[in-house]
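Structure record follows, encoded as structure tokens.
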């Protein structure tokens, strides 16, 4: 038995080794049991060992779960989402979440604490690498299938497409699946995401404020250089002197900042534009009043159109 080779093998596998790997290297069950009993190693699952005594990092937990699940297994659902769409810091905050693994339906894996097994008649596309994971486009659809609200769905699609998956790849993944709950909704929302929508709040603004009241369509996520720095606007009505900023959890998790104030002042002074700023309560709670205020600002900027009320009690109709 070459202990140095076992150490190197463990380092290559996120400090996780199986009983079969150890036996291939000449290690006896008695030797392994001694290391576990003395606290030098840890038993993660039956036949799966972590070759140190410290706290388990996220990747080590995942590697151990995959080793236990065996051939054809891949992380999926929320665990794959953490891998593809989140930062290492965010993953570290989710250490208590169960590891979700998908396996082919013909295989049976005994459930364990902290491990959620999905047996799948048709395995989705898998990307092998440091860990074997369900493809990010397929992962997003897995999450969409158990989302409870439209806001949840748009949040999933935004995270998936922000840097990882092109909306067209999502559509292709959708075509490969026989049935997907909310298929039409996903197709519609992917079109919105491709057009620049980056949060549930922005989607609500577009649908419930702009479209419902016949307002012109704003340009989304515009960037330009003003006052010596780059200025970004959530929504901009170019040529009408109006910008709209939406303070939602995804786009502005910390709320209004000094940088936001400076940006608004720069837009007002250099570009001659005003900034209207709205929160969830304005968009979800009072979309009609918000639309009426945006319409007034657009008229002051030269818009010649007429907003329309979305119903008999609409604030646009009373304005």
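Quick note: the coordinates plus some simple rules give every number you see, no bench work behind them. These numbers come from a predicted model, not from an experiment. Methodologically, a virtual Cβ is constructed for each residue, glycine included, from the backbone with ideal geometry; neighbour enumeration extends over all protein chains shown.
At a Förster radius of 35 Å, what calculated FRET efficiency corresponds to the Cβ-Cβ distance of residue 121 and residue 148, to the nearest 0.05?
Values: r = 24 Å, r/R0 = 0.70.
That gives a FRET efficiency of 0.90.
If I fit a long axis through the Cα atoms of helix 58-69 and take the longest principal axis of the Cα atoms of the chain, what angle between them do I get, 0 to 90°, rounded to 10?
60
Restricting the count to DSSP beta bridges whose residues both fall in the chain, what percent are antiparallel, rounded to a multiple of 5?
Counting only bridges with both partners in the chain, antiparallel ones make up about 60 percent.
So, R0 is 30 Å and r is the distance between the beta-carbons of residue 4 and residue 128; what FRET efficiency does that work out to, to 0.05?
0.65
Considering only DSSP beta bridges where both residues belong to the range 60-194, give the percentage that are antiparallel (nearest 5).
Approximately 40 percent, going by the DSSP bridge assignments.
Summing -39500 (n - 2.57) over the DSSP H runs of n ≥ 4 in the chain and dividing by its residue number, what mean residue ellipticity at 222 nm do you reach, to the nearest 500 deg cm²/dmol?
-12000 deg cm²/dmol
With a 10 Å Cβ neighbour count serving as the proxy for reagent exposure, in which order, fewest first, do 125, 163 appear?
Neighbour counts put them in this order, fewest first: 163, 125.
Cα-based Rg of the chain per 2.2 N^0.38 Å, rounded to two decimals?
Rounded to two decimals, the normalised Rg is 1.32.
Mind ranking 287-294, 132-139, 10-17, 114-121 by how tightly packed they are, going by the mean number of other C-beta atoms within 10 angstrom, highest first? Before the final figure, lay out each step's value.
Details: 287-294: 22.0, 132-139: 24.6, 10-17: 19.4, 114-121: 16.1.
Highest mean packing first, the order is 132-139, 287-294, 10-17, 114-121.
In percent, how large is the relative contact order of the chain, given Cα pairs closer than 8 Å and 6 or more residues apart?
10
I want to check the label-to-label distance for residue 110 and residue 211. Put each point 7 Å from Cα in the C-beta direction and report it in nm to one decimal.
Once both label points are built, they end up 5.2 nm from each other.
Give me the Debye-computed log₁₀ of I(q)/I(0) at q = 0.19 Å⁻¹ for the range 60-194, equal point scatterers on Cα only, no solvent, two decimals.
Scattering profile of the range 60-194, log10 relative to I(0): -1.11.
Evaluate E = 1/(1 + (r/R0)^6) for residue 33 and residue 232, where r is the Cβ-Cβ distance and R0 equals 45 Å; express this FRET efficiency to the nearest 0.05.
Working from the Cβ atoms, E equals 0.15.
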